[in-house]
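These notes concern the structure reproduced below.
The values are calculated or read from the model by the stated rules, or taken from the named source; none is laboratory data. This is a predicted model, so every value here is computed, not measured. Neighbour counts run over all protein chains shown; Cβ positions are idealised from the backbone, glycine included. Note: accessible area is taken over every heavy atom of the protein model, side chains too, but ligands, DNA and RNA are not part of it. Shrake-Rupley method; radii C 1.70, N 1.55, O 1.52, S 1.80 Å.
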Amino acid sequence: MRILTLLMLVSLPALGAPQVWMGASGGYTHIVPDGSGQTSKNGYHLFLDASAETTTDAWTLGLGAGFFYSRVYSDGERDFPTEDPDIVREQRNLRIETRAGSAHLAARYRLWDGHLEAGLLVRNLFGSSLSFSQDKDSSQSKIFLGPQVVLKTDAQSAWMQRVDLSLTTDMNVPKRRVYFLAAGFALGRSWPVTETPPSAPAPKEGERFEEVLADKVINFPSGKSELQEPAATFLKELGQFLKQHPEHWQSMTVEGHTDKKGKFDYNMKLSQDRADAVRRVILDQGNSKDRVQAQGFGPTRPLKDGDSPEILALNRRVVIVFTINSREGRNQVSAEIKRLRQKYFGE
């Protein structure tokens, strides 16, 4: 528990998008006695859980609560010195049910761009009796601990799915060792965190300013440089505005940026091809090629370091760097880009 708490505290400054999950898991229950004359038991169990999670670049941290049900069978709780068939039959068909509330904490390390996670699961079961035997248990809380592996879909989607596998064992059930081998499925909802950029200072004559066009605005198919709609129409209208108002700007440079996945040389060429594709649309509207440049930077200028899908998407972008003539020019160009974003992307 102390290790889990420490991991959460260390990661708090880099917390990402919150996620809420609803799911069910269940599987095999095995109970091993401590040699006091009791027999082993086998059966099944079920967890119904709701949980909240958040991510960092490297970790997923979660907590949740729900309901637990278990049914186990045994060949007898004790050795009875009798051959009475009724007693023998009753003991050999012994069925023990346990119902309890459940709370859990999880800390998992993120692998494979966040699709695969592996870590520690801690469960706390609480109820009137958690002995998993005929004997009543005075303790009303039991701790279970063990590894967990989770495979999930892309966290960039609003709705997500995941499957998980865990093996937990009790830390304080008396006179026995209880094992839960469970597989589960859950549906989740995420709310990506969007950061509002700070207001830019008033520009001076000839000053540069940037317009960052994220992956969802200037979008390309994976590994290609062909513009997709509505990005192509967005750029066409922007180019027409710049042609009609040359007094507002001196020059512009289109910068292409990729994430760090793949080979470096390939990403450098891909970013240049994508920047050239954007420049070509601006020039096709009649703007001077001497005023519009393009340069690809590949993965060399990330906005943020990390391997999560959110960070990789953030680093895939097109940046248009304007050199402007006046404050009025800055205001007019920014207002037009804002209008086109609202028109085509609802921003």
>> For the range 53-71, which positions are over 17 Å from residue 20 (Cα atoms) and of a type in the set (Asp, Glu)?
In response: 57
> For residue 95, are the conditions met, namely being loosely packed, with under 14 Cβ neighbours inside 10 Å and either small (Gly, Ala, Ser) or modelled with pLDDT of 65 or more (or both)?
Replying inline: yes
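Determine, yes or no, whether residue 306 is under 30 Å from residue 112 (Cβ atoms) and out of contact with any strand residue (DSSP E or B) (no Cβ under 9 Å at 6 or more places or on another chain). I'd like the intermediate steps shown before the answer.
Details: under 30 Å from residue 112 (Cβ atoms): yes; out of contact with any strand residue (DSSP E or B) (no Cβ under 9 Å at 6 or more places or on another chain): yes.
The answer is yes for residue 306.
Yes/no per residue for (1) touching a helix residue (DSSP H, G or I) at 6+ places or on another chain (Cβ under 6 Å); (2) open to solvent by 30 Å² or more (accessible area, probe 1.4 Å); (3) farther than 20 Å from residue 339 by Cβ:
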{"residue": "247", "(1), (2), (3)": "no, yes, no"}
{"residue": "258", "(1), (2), (3)": "yes, no, yes"}
{"residue": "266", "(1), (2), (3)": "no, yes, yes"}
{"residue": "271", "(1), (2), (3)": "no, no, yes"}
{"residue": "283", "(1), (2), (3)": "no, yes, yes"}
{"residue": "290", "(1), (2), (3)": "no, yes, yes"}
{"residue": "304", "(1), (2), (3)": "yes, yes, yes"}
{"residue": "310", "(1), (2), (3)": "no, yes, yes"}
> Name the residues in the range 326-347 that are modelled with pLDDT under 85 and open to solvent by less than 40 Å² (accessible area, probe 1.4 Å), would you?
Replying inline: 329
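Name the strands (runs of 3 or more DSSP E) wholly inside the range 204-309 in which the number of residues that are of a type in the set (Asp, Glu) is 2 or more.
In the range 204-309, the matching strands (runs of 3 or more DSSP E) lie at 208-214.
Run down 304, 289, 269 and say which single residue is within 30 Å of residue 56 (Cβ to Cβ) and basic (Lys, Arg). Even if it seems obvious, please write down each step before you answer.
Working: 289 fails: within 30 Å of residue 56 (Cβ to Cβ); 269 fails: within 30 Å of residue 56 (Cβ to Cβ).
Just a single option satisfies the conditions, and that option is 304.
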> In the range 312-325, what residues are open to solvent by 20 Å² or more (accessible area, probe 1.4 Å) and more than 20 Å from residue 256 (Cα to Cα)?
Replying inline: 325
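For the range 179-208, which positions are at pLDDT 65 or above, among the hydrophobic types (A, V, I, L, M, F, W, C) and either surrounded by fewer than 17 Cβ atoms within 10 Å (Cβ to Cβ) or in contact with a Leu (Cβ under 9 Å, 6 or more places away or on another chain) (or both)? Lay out the reasoning, then the answer.
From the range 179-208, those at pLDDT 65 or above are 179-191, 207-208; that's our starting set.
Restricting the remaining residues to those that are among the hydrophobic types (A, V, I, L, M, F, W, C) gives 180-183, 185-187, 191.
Matches in the range 179-208: 180, 181, 182, 183, 185, 187, 191.
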> Under the condition of being at pLDDT 90 or above, among the hydrophobic types (A, V, I, L, M, F, W, C) and under 20 Å from the mean Cα position of the chain (by Cα), which residue from the range 154-178 is farthest from residue 125 (Cα to Cα)?
Replying inline: 163
> Pick from the range 67-88 the residues that are out of contact with any Phe, Trp or Tyr (no Cβ under 6 Å at 6 or more places or on another chain) and crowded, with 16+ Cβ neighbours inside 10 Å: which of them is modelled with the highest pLDDT?
Replying inline: 70
> Taking into account only those residues within the range 13-52 that are under 16 Å from residue 123 (Cβ atoms) and of a type in the set (S, T, N, Q), which is modelled with the lowest pLDDT?
Replying inline: 29
